[in-house]
Amino acid sequence: MPDLSPLWLTLRVACFATLIAFGFAVAFAWITARLTFWGRDLLDAILTLPLVMPPTVLGYYLIVVWGRNGWLGGWLYEHLGIILMFTWQGAVLAATVVAFPLLFKSARAAFEGVDSEYEKAARILGDTEIQLFFRITLPLAARGLAAGTMLAFARAMGDFGATLMVAGNIQGRTQTVSMAVFDAVQVGDYQLANTLVVIMSLVCITILVMTNKLTARRQGGTRQ
Amino acid sequence: MRLEVDICKTLRSGGRSFVLEATFASRDDLTVIFGPSGSGKSLAVQSIAGLVRPDSGRIVVGGELLFDDSQGTNLPTRERNMGYLFQDYALFPHLTVRENIAYPLKKTWYFGLLPGQRQEVEEIMAAFEISHLAESLPSELSGGQRQRVALARALIKKPSILLLDEPFSALDSMLRHRMRMELLEIRQKFAVPLVVITHDPADVEVFGDTLVVFENGGVKEVSRRTHQPETADANIWRQKVCWRAK
């Protein structure tokens, strides 16, 4: 039986990364979709940057910011004794950053797709801004958010470059499936490589099929 | 019902700008705001509802000061207790008819309605003859049914005034006449003053006890009907206008 521990670590990292990215993406997506302010396009560009940047460059930035001597990493180490580099939490950080833009873009499109008349109607019917967000905006954007979440999860599972830079490739501690496949091929362990590749491919295909279904239902949905 | 509006609002988009300078008053329960598209009538009514904040001026409805920039008063939309019928009704597409109507009563998603509130919803659905549609989604309704649901939702909290933005424009001409009659009956039944935005002269005939004519962002004319029909029998002229409803 091949060692499947990288698979469980990958799922754990991807779950945490997607969860964290979801919170930030929804907040920034709502801000950029609903508020008009100076520098909005610049903010959008910065938030989308991880999508187009080479993963190793992104990893380097993360080391500069979150490393033991980095701007934020230094503070974390000094005050809380926390080190993110070469830990599975570091892998979560890298996966969060690479997955974030996919969720952010989907969420922004989903929020922009919600007709503002519904929000006006909810205000007149007595809702506060928070109430109408949870009762109207979020449910109406739910399919777009779910599709973005799935894409982000798939991206978080498959990251290689940024995770390698931040968390390294330590067997049993930070080695995710992508790195385990790379190592297995390097040492000629094709049984392990094949097993992991088949499992990852099936998971990714399932996610893409579900995403397509959600998107199709959204296009032909109940919006008036 | 006393309605006083005296507001200024400038909208800018790209290099263009639109200036609304609206001053009018009405003490009738039926007021029509009439004018061509782009004349500023929707902007004025959205200001009354609190959806748009005027740059300056004053809005008083039924003796209550809703907006006065000189005093720094601007009552939030949710506290103005107004009914508003949107042009496309704005029924929430993810909620059933019953949930749409109960929406203003239910303020959280985890607690259900109180028994008294549930009763209220059932009664208003019965009054609008839409009880059989309670579990339908808005996308499954006809134009007339959607309007009834939107009216029921707007009236369930007993608003102090009902604002209607081109209420019949989404309906075909036969249905339009019937819905005018229904709206008059609803006004009497719920004792709620109406402010109707329209560019259809037939609506002016039916609802225009006070007529406010908008043109190019300003009020061109305010006039009152000289022969006010006070009794039910005197509504004959209205029925004539809506003769097709029969």
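FYI, it's all coordinate maths here, none of it is from the lab. These figures come from a predicted structure and were not determined experimentally. No Cβ is skipped: glycine too gets one built from the backbone with ideal geometry, and neighbour counts run over all protein chains shown.
The table for this structure:
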{"item": "Percent antiparallel among DSSP beta bridges (both partners in chain B, rounded to 5)", "result": "60 percent"}
{"item": "Region B:54-127 - percent relative contact order, Cα under 8 Å, separation 6 or more", "result": "14 percent"}
{"item": "In Hz, Karplus ³J(HN,Hα) per residue of region B:73-89 (6.51, -1.76, 1.60; θ = phi - 60°; x = Gly, Pro)", "result": "8, 8, 5, x, 3, 5, 9, 7, 6, 10, x, 9, 9, 6, 4, 9, 6"}
{"item": "Rg/Rh for the protein assembly as shown, where both radii come from Cα atoms and Rh is the Kirkwood radius", "result": "1.12"}
{"item": "Test item: Cα-centred dipole of the protein assembly as shown, Lys/Arg +1 and Asp/Glu -1 on Cβ, debye", "result": "320 debye"}
{"item": "Mean ellipticity per residue at 222 nm, deg cm²/dmol - from DSSP H runs of n ≥ 4 across chain A, formula -39500 (n - 2.57)", "result": "-25500 deg cm²/dmol"}
{"item": "Cα-projected label distance for residue B:136 with residue B:216, points at 7 Å along beta-carbon direction, nm", "result": "4.6 nm"}
{"item": "Label zone at residue B:37 (point 7 Å along Cα-to-Cβ), backbone N below 20 Å, region B:183-221", "result": "B:196-204, B:213-218"}
{"item": "Average beta-carbon neighbours from other chains, 10 Å sphere, peptide B:84-92", "result": "5"}
{"item": "Rh by Kirkwood over Cα pairs, then Stokes-Einstein D for region A:1-94 at 0.692 mPa s and 37 °C, µm²/s", "result": "212 µm²/s"}
{"item": "For chain A, built as a Gaussian network whose Cα springs stay under 10 Å, the top-fluctuating residue of A:50, A:139, A:101", "result": "A:139"}
{"item": "Residue B:53-residue A:83 pseudo-label distance in nm [points 7 Å out on the Cα-to-Cβ vector]", "result": "5.1 nm"}
{"item": "Among A:75, B:196, B:54 the positive-end extreme of the charge dipole of the protein assembly as shown (Cβ point charges)", "result": "B:196"}
{"item": "Least to most buried among A:182, A:104, A:16 (fewest other Cβ within 10 Å first)", "result": "A:182, A:16, A:104"}
{"item": "At least 27 Å along the helix axis (C-alpha) and Kyte average at least -0.5, DSSP helices within chain A", "result": "A:5-34, A:88-112, A:138-158, A:190-219"}
{"item": "Rounded D (µm²/s) - chain A, Kirkwood Rh over Cα pairs, Stokes-Einstein at 20 °C, 1.002 mPa s", "result": "113 µm²/s"}
{"item": "Cα-centred dipole magnitude for region B:93-158, charges only on beta-carbon of K, R (+1) and D, E (-1), debye, nearest 20", "result": "300 debye"}
{"item": "With at most 14 neighbouring Cβ atoms within 10 Å, loop chymotrypsin sites (Phe, Trp or Tyr not before Pro) (DSSP) excluded, longest segment of chain B", "result": "B:112-246"}
{"item": "Links that overshoot a 18 Å alpha carbon limit, given the list B:157/B:189; A:120/B:189; B:41/B:220", "result": "A:120/B:189"}
{"item": "Fewest-first ranking of A:79, B:177, B:94, using other Cβ atoms within 10 Å as the exposure measure", "result": "A:79, B:94, B:177"}
{"item": "Relative frequency of Cα-Cα separations exceeding 24 Å in chain B, percent", "result": "48 percent"}
{"item": "Theoretical FRET efficiency, 1/(1+(r/R0)^6), r = Cβ-Cβ of residue B:18 and residue B:122, R0 51 Å, to 0.05", "result": "0.70"}
{"item": "Space enclosed by the convex hull of the alpha-carbon atoms of region B:93-158, per residue, Å³", "result": "80 Å³"}
{"item": "Distance (nanometres) between label positions extended 7 Å along Cα→Cβ at residue B:25 and residue A:35", "result": "4.1 nm"}
{"item": "Residue-averaged 222 nm ellipticity for chain B, from DSSP H runs of 4+ at -39500 (n - 2.57), nearest 500", "result": "-8500 deg cm²/dmol"}
{"item": "Chain B, dipole about Cα centre (Lys/Arg Cβ +1, Asp/Glu Cβ -1), debye to the nearest 20", "result": "200 debye"}
{"item": "10 Å Cβ neighbours from other chains, averaged over peptide B:161-171", "result": "0"}
